[in-house]
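Have a look at the structure below before the remarks.
The values are calculated or read from the model by the stated rules, or taken from the named source; none is laboratory data. Computed from a predicted structure; not experimentally measured. Reconstructed Cβ throughout: ideal geometry from the backbone, glycine too, with neighbour counts over all protein chains shown.
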Amino acid sequence: MSLLEVKGLKKHFPIKSGILKRTTGQVYAVDGVSFSVEKGETLGLVGESGCGKSTTGRAVLRLIAPTAGTIIFEGVDIMAASRAQMQTLRRDMQIIFQDPYASLNPRMRVRNIVGESLKIHNVGTEAERKKRVFELLEIVGLSTEHAERYPHEFSGGQRQRIGIARALALQPKLIICDEPVSALDVSIRAQVINLLEDLQDEFDLTYVFIAHDLSVVKHTSDRVAVMYLGKIVEISDSAVLYDRPQHPYTEALLSAVPIPDPHTERARRRIILEGDVPSPANPPKGCVFHPRCPRAQEDCTAAMPALVSTGGDAGERHEVACYFPARFKDGERSVAGEPFAGASPPASA
Amino acid sequence: MAERDTSGSQVTQDLTISTVSELDLIEDKYSGRKPLGLWADTWRRLKRNHLAVVGMCIIIVFLAVGMTEEIASFTPKGYLAPYNPNAVNYALSPKGLGSPPSWSHPFGTDYLGRDVFSRVLVATRISMLVGVIAVAIALIIGLILGPISGYYGGWVDSVIMRTADVFFAFPYILFVLLIMTVLGPGLWNVFIAIGILGWATYARLNRGSVLSVKAMEYVEAARAQGASDLRIIFRHVLPNTMAPVYVAIAMGIGGAIVTEAALSFLGIGIQPPNASWGKMIADYLSYLAAGSWWMLTFPSVFLVITVFGFISFGNGLRDATDPKLKE
């Protein structure tokens, strides 16, 4: 059984206008996202800004109420959980935020920030909690003398460590990492990522790692899901996805990752997508990617292709939502002229 | 090493970076001055503003006077001033025009021969009480309704804010007069009238800050940890919305003192023979034409100085807590 299973998750934000606050439209921030995360693995969630990856992360924790879908965590349906059940569930699922400057309360001492969840859930005595806070600070590479300080006395990297210590306090099973290194200096990113990896090994953590930087995700994730306009367009094992991307959007994203070698960098082919990401308030009909897709054909405008397993090219788990996915055979890449049979949604017939 | 020193670089010694993780700590070490706490930082900027410091000294002095008189009011004597503020002594008021300032009566005496200095001191207590208690009442109501309004939003917000609008819609002093007429004169009724009318200012002010703070990630982090709404409001949201409120408190006390003076001037505040600055100004106004300037001057000057103190301190505090003015 997967630790986390998300099925058909949707989050639509109503657009209200006029003095009567009538709903005049919807922003389809997350529109039917399904994935599962196994215990101990890291699922990378990538996509450009506004594609709904952070919303997905927050909806999984029910920090924002999803519009539809089911979220099953350890066999328990979170969507149906009562307030009290949710309170217990919160001990097992935590989040690390993107901006270490906004995610720590400036009026609280580090000791109280890290120990707050222990207090909320009545864990141990005052003395035990204090000991645990010291322990946590050491785990994330800070020292006990930092406990009495305020967040503004720390640098970005240190603050992010405090945020990580806070997330670890209750020994959660799942941590949503919402772009944990995007706001940090490049020099500190590696440290924080390594810390997260060490913690994963030590405490058997499961991560959903949200990022817009593919190189970061490649390093950390076992599997990667690529999101575009509120939908997952491709999901696969990390190595496979980077090696043999099947969705044209994934190909374009990968071609934008800089390669630290000037010769290769100059020689390679870059895929430049035309136009901008359409508004999630008014997504294109058919496949959401078709207006920018270099491979788009007639069929693409009819309906959104379902996210289906293409059987992979070496039998691995590889799901893609495209009528014309790239296939690989003996190192040869090919794109079929005919729509991929499995991709047509059952309803479109 | 010698050449490097001549280049003017100051941070050459002991800058050995052995591992990358030290970069993090070095950032702290060379960022210049030691980071200060939020209050220490505010104080550092406030003390550069001389007017604000003067205002603060005035507030401290007047609060001290008010407090000693308050404590003295519980003693059998009932006052700390050199003379009984309400003792009538016709010998000191020849022709019913009082007597001018002298060594024994530095502010002179009034038309009933009462010592003006003693009356001004005792009135300080009333003014400070009104300022502090009326604002406290307003603050308690405002800081409960404001955060609730901002945090929960929706119809709760609409109801509270529209009510606040109603309070803002009426001319302030007329509204106070109305409430005083309903409640009747008296010190406690002054507190209540000013307090009830003041809440809307604090509620609206705080609601605005709550709206911006509740969207912060640390509030979301608290929610992710399972914090209750009450905990989020009082531990995470409210403490981060207080800076503008402190400024409003300082200004509000000044305003409440003036309102009390106005009410007493109109005769529906403090009742005779008790002294209040406004009451004294009302009583002594007509004696100015007869040349007895001291009766009117001293309570007026005290009133002006106090209000000046609170407002200049409030202004200074606003500048000191304004993030846009941070260097």
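For the reader, a short list of remarks on this structure follows.
- Matching option when the condition is away from every other protein chain (no Cβ under 14 Å) and touching a helix residue (DSSP H, G or I) at 6+ places or on another chain (Cβ under 9 Å), among A:230, A:157: A:230
- Residue in segment B:81-104 that is part of a helix (DSSP H, G or I), within 14 Å of chain A (Cβ to nearest Cβ) and modelled with pLDDT under 80 present: no
- Of A:162, A:120, all but one fail to be of a type in the set (A, V, I, L, M) and at the interface with chain B (Cβ under 8 Å from one of its Cβ atoms); the exception is A:120.
- Complete set of residues in segment A:136-154 that are part of a helix (DSSP H, G or I) and more than 10 Å from every other protein chain (Cβ to nearest Cβ): A:136, A:137, A:138, A:139, A:144, A:145, A:146, A:147, A:148
- Members of segment B:155-209 found to be among the small types (Gly, Ala, Ser) and within 20 Å of the chain's Cα centre (by Cα), listed by number: B:193, B:195, B:198, B:200, B:203, B:209
- Residue in segment B:113-123 that is of a type in the set (D, E, K, R), outside any loop (DSSP other than H, G, I, E, B), under 16 Å from residue B:280 (Cβ atoms) and touching a strand residue (DSSP E or B) at 6+ places or on another chain (Cβ under 9 Å) present: yes
- Taking segment B:126-237 as the region of interest, the helices (runs of 4 or more DSSP H) fully inside it that hold 2 or more residues being away from chain A (no Cβ under 14 Å), among the small types (Gly, Ala, Ser) and buried (at least 17 other Cβ atoms within 10 Å of the Cβ) are B:135-152, B:187-213.
- Count of segment A:102-116 residues, restricted to those that are surrounded by fewer than 19 Cβ atoms within 10 Å (Cβ to Cβ), more than 12 Å from residue A:150 (Cα to Cα) and either more than 9 Å from chain B (Cβ to nearest Cβ) or of a type in the set (S, T, N, Q) (or both), is 0.
- Counting only strands (runs of 3 or more DSSP E) that fall entirely inside segment A:1-109 and contain at least 2 residues that are over 24 Å from residue B:215 (Cα atoms), the qualifying elements are A:4-17, A:22-37, A:42-46, A:68-73.
- Qualifying residue in segment A:59-78 (condition: crowded, with 16+ Cβ neighbours inside 10 Å, within 19 Å of residue B:224 (Cα to Cα) and free of Cβ contacts under 8 Å to residues at least 24 places away in the same chain): yes
- Selected residue (only one of A:198, A:204, A:178, A:213 is within 12 Å of chain B (Cβ to nearest Cβ) and among the acidic types (Asp, Glu)): A:178
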